[in-house]
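The values are calculated or read from the model by the stated rules, or taken from the named source; none is laboratory data. Only a predicted model underlies this, so the values are computations on that prediction, with no experimental measurement involved. Don't worry about glycine lacking a Cβ; one is built from the backbone with ideal geometry, like all the others, and counts go over all protein chains shown. Keep in mind that these areas ignore ligands, DNA and RNA; they rest on the heavy atoms of the full protein, side chains included. Shrake-Rupley method; radii C 1.70, N 1.55, O 1.52, S 1.80 Å.
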Amino acid sequence: MTNPEGTYVKVHFRLEIEDDWPPASVESLWAVDQGDGTVRLDNIPWFVRGIACGDVVATEPDEEGVRWAGEVVRRSENCTIRLIVLRGGGSGAARQSVLNAFHELGVCGEGIERFRMVALDVPPTADLAKVQRLLNHGAAKEWWDMEQGCITAQWRAASVT
């Protein structure tokens, strides 16, 4: 698969499982090959911690040609926030309403039925304080459980109580 920015490839991340979570030992993300042994991630990670969509990551192919992620070469300054949607039993409609609410704040995301999850890609151009207020409000109302998968200094500076 290609796009004007380069060829799409899968990059694999090894995951550490603790207390049966995450539910897999490897997560594969779509990325755009940069042609120099690095890729720009073009997926929101469901389980990998410390990375975000748009980050540029070094890769190392194994003997079978599978690309394994190495260190982050350049950060996108995006944040990754993951939610387990509790409201409405995490139904498709409930997950979509969550996505719609964050979309209004300039945040993209996607949902996955199997785990009642929503993964959010928060760009640095979003009103981070408003996003955090909505996240905290929803957690307080028990609409969702939240994990900060990858946050930035800008996110911490905008932190609301």
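The distance linking the stretch 105-161 with the stretch 1-70 is 22 Å (Cα centroid to Cα centroid, whole angstrom). Against the chain, whose longest principal axis comes from its Cα atoms, helix 92-103 is set at around 80 degrees. For the chain, report the translational diffusion coefficient in µm²/s to the nearest whole number, using Stokes-Einstein at 37 °C, 0.692 mPa s, and a Kirkwood Rh over Cα pairs. So the translational diffusion coefficient is about 200 µm²/s. Heavy-atom accessible surface of Ser97, to the nearest 10 Å², is about 40 Å², with a 1.4 Å probe and all protein chains retained. Remark: relative contact order (the stretch 2-125) = 18 percent; criterion is Cα-Cα distance under 8 angstrom and separation of 6 or more residues.
What longest region of the chain stays clear of trypsin sites (Lys or Arg not before Pro) that DSSP places outside H, G, I, E and B and that have at most 12 other Cβ atoms within 10 Å? All intermediate terms of the calculation are to be shown ahead of the outcome.
Values: sites that count: Arg114, Lys141.
In the chain, the maximal stretch lacking such sites is 1-113.
Here the chain has 47 percent of its accessible surface on carbon and sulfur atoms, given a 1.4 Å probe and all protein chains in place.
Dividing the summed helix terms, -39500 (n - 2.57) for each DSSP H run of n ≥ 4, by the number of residues in the chain produces a 222 nm estimate of -5500 deg cm²/dmol to the nearest 500. The label-point distance for Gln96 and Cys108, in a model that sets each label 7 Å from Cα toward Cβ, rounds to 2.0 nm.
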